[in-house]
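What follows is one structure encoded as structure tokens, with my remarks underneath.
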Amino acid sequence: MPVSAGWGLLVCVMAMVAAAAVEWYRLRLFHQGKVLPALDGNQAQSILSHRDGSGIVDMNVFWQVPQYLLVGLSEVGLLVAVLLCLGAVLLHHGAVM
């Protein structure tokens, strides 16, 4: 197994840790009551949506950028490893790349 595959898997684990940290922060905001009000302005609906767990947390979408960058980097590492392995197999069997 090439080293780039190992690095790719390590970066993938880091992406999962980043996603877990964002989810932990989102849940913390939810339990603090930082939920957006209902779209129609109905306060009772907003409170109900907070209680049943379906409210929208007031959190910027850019919190997800690090995890997506890490997933992209892990894909690059794994793709390099796959191409190296396939290239070695094709060269070993005499196929022209």
Report the FRET efficiency, 1/(1 + (r/R0)^6), for MET59 and HIS92, where r is their Cβ-Cβ distance and R0 is 35 Å, rounded to 0.05. 0.10
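Compute the length gained on full extension between VAL80 and LEU10: take 0.36 nm times their separation in residues and subtract their Cα-Cα distance, giving the result in nm to one decimal.
Full-extension gain reported as 23.8 nm.
Computed from the coordinates by the stated procedures, all read-outs in this text should not be read as laboratory data. Remember, predicted model here, so these are calculated numbers, not experimental data. Cβ coordinates were reconstructed from backbone atoms using ideal geometry, including for glycine residues, and neighbour counts include every protein chain displayed.
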